[in-house]
Amino acid sequence: MFNALTIAGSDSGGGAGIQADLKTFSALGVYGASVITALTAQNTQGVQGVFTVAPEFVTAQCDSVFSDVRIDSVKCGMLANAEVIEAVATCLARYRPPVFVLDTVMVAKSGDALLAPEAVRALRETLLPLADMATPNLPEAAALLGANIAVDETAMCEQGRALLALGAKAVLMKGGHLKNEESPDWLITPNEETRFAAPRINTRHTHGTGCTLSAALAALRPQRPDWKTTIQDAKNWLTQALMQADRLSIGRGIGPLHHFHQWW
């Protein structure tokens, strides 16, 4: 049994954040532990409030988990502010998990901010160089680079290379914001660039998609031989979770995908 740790914010509506990550870990056969960085009052219609956990308590949670449980992979999501980012970076440098997936969460699906603007620099300079895999969407990549949002796959790859230059070992540029029939992602490493395509699923229930993909990468990487296999298997599973999302009836807004489509 592999053990994965999510370091992220709590979504009281259950569709994203810690809750989505733990569901993903369970669905993919991995034991999940958690370190909560923030509490959000959130539902399918938006974020109504955010309470950030003190950096010292984020550190205490990390110490509790790492001192007792063998952690095979870590996924980071919402980190709220620069102080929390620094605390997480210190813990990761201390415990050195075998796999670290950085989901550069800045904005919720509803458009509500989940990262203080002044914290983008800390994310870029402190956590990005520790990442085995960073998974920015196009607005997040642009914010990290101080650039315009990529409008095509050529620009996506250029920005992926720029993020590599900032220290990430690999980058998965997510192309969901492109207005294509496909939803293309690009894996950018120092040695190769690989395109992954998936059909754009006709559903509005996409809450937590980014959290879920990064959690799936963290869950599957210890079980797979390389990143390409990991990404393909994670995307195949995610596509099915999106295709089955309409089977759920959660909330009155943008609902979650179906993490347990294989089991229910």
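The values are calculated or read from the model by the stated rules, or taken from the named source; none is laboratory data. These figures come from a predicted structure and were not determined experimentally. Cβ: placed from backbone, ideal geometry, glycine included. Neighbour counts: every protein chain shown. Keep in mind that these areas ignore ligands, DNA and RNA; they rest on the heavy atoms of the full protein, side chains included. Shrake-Rupley method; radii C 1.70, N 1.55, O 1.52, S 1.80 Å.
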Item checked: Scan of segment 164-188 for residues that are open to solvent by 30 Å² or more (accessible area, probe 1.4 Å) and of a type in the set (S, T, N, Q), ordered by number -> 180
Next item on the list: Output the residues belonging to segment 113-131 that are under 20 Å from residue 209 (Cα atoms) and either touching a Lys or Arg at 6+ places or on another chain (Cβ under 6 Å) or in contact (Cβ under 8 Å) with a residue 40 or more places away in the chain (or both).
Entry: 114
Check: If residue 190 satisfies every condition in (1) within 30 Å of residue 252 (Cβ to Cβ); (2) modelled with pLDDT of 95 or more but one, which is the exception?
Finding: (1)
Next item on the list: Consider only pairs whose beta carbons are under 7 Å apart and that are at least six residues apart or on different chains; among these, list those whose first residue lies in segment 196-224 and is free of Cβ contacts under 8 Å to residues at least 24 places away in the same chain and whose second residue is of a type outside the set (A, V, I, L, M, F, W, C) and buried (at least 24 other Cβ atoms within 10 Å of the Cβ).
Entry: 224/230
Margin query: Only one of 84, 88 is farther than 30 Å from residue 251 by Cα, assigned to a helix (DSSP H, G or I), touching a Ser or Thr at 6+ places or on another chain (Cβ under 6 Å) and open to solvent by less than 60 Å² (accessible area, probe 1.4 Å). Can you tell me which?
Written below: 84
Next item on the list: For segment 179-230, enumerate the residues that are touching a strand residue (DSSP E or B) at 6+ places or on another chain (Cβ under 6 Å) and among the aliphatic types (A, V, I, L, M).
Entry: 187, 188, 197, 215, 217, 218, 219
Note to self: Pairs please, first residue from segment 88-100 and of a type in the set (Ser, Thr, Tyr), second anywhere and assigned to a loop (DSSP other than H, G, I, E, B) and open to solvent by less than 50 Å² (accessible area, probe 1.4 Å), Cβ atoms under 8 Å, 6+ apart in sequence or on different chains.
What the structure shows: 95/71
Next item on the list: Output the number of residues of segment 217-264 satisfying the condition of being more than 14 Å from residue 27 (Cβ to Cβ) and acidic (Asp, Glu).
Entry: 2
Next item on the list: Among what's in segment 229-264 and is assigned to a helix (DSSP H, G or I) and in contact with a Phe, Trp or Tyr (Cβ under 9 Å, 6 or more places away or on another chain), pick the residue that is farthest from residue 20 (Cα to Cα).
Entry: 232
Note to self: Can you say whether residue 28 is of a type in the set (A, V, I, L, M) and either touching a residue at least 40 places away in the same chain (Cβ under 8 Å) or within 19 Å of residue 220 (Cβ to Cβ) (or both), as far as the supplied structure shows?
What the structure shows: yes
Next item on the list: Quickly run through segment 119-163 and pick out the residues that are in a helix (DSSP H, G or I), open to solvent by 30 Å² or more (accessible area, probe 1.4 Å), out of contact with any Gly (no Cβ under 6 Å at 6 or more places or on another chain) and not small (Gly, Ala, Ser).
Entry: 121, 124, 125, 126, 130, 139, 145, 153, 154, 158, 161
Next item on the list: Search segment 212-264 for residues being among the basic types (Lys, Arg) and surrounded by fewer than 22 Cβ atoms within 10 Å (Cβ to Cβ), and hand back the single one that is farthest from residue 101 (Cα to Cα).
Entry: 252
Next item on the list: Return a yes/no flag: does segment 156-166 have any residue that is over 18 Å from residue 180 (Cβ atoms), of a type outside the set (A, V, I, L, M) and out of contact with any Ser or Thr (no Cβ under 9 Å at 6 or more places or on another chain).
Entry: yes
Checklist line | segment 194-204: number of residues that are surrounded by 15 or more Cβ atoms within 10 Å (Cβ to Cβ) and at pLDDT 95 or above | finding: 1
Notebook entry, point to check: Could you say which residue among 108, 116, 54, 60 is open to solvent by 20 Å² or more (accessible area, probe 1.4 Å), of a type outside the set (S, T, N, Q) and more than 16 Å from residue 34 (Cα to Cα)?
Noted result: 116
Item checked: Restricting segment 7-46 to residues that are outside any helix (DSSP H, G or I) and under 19 Å from residue 224 (Cβ atoms), the residue that is most open to solvent (accessible area, probe 1.4 Å) -> 31
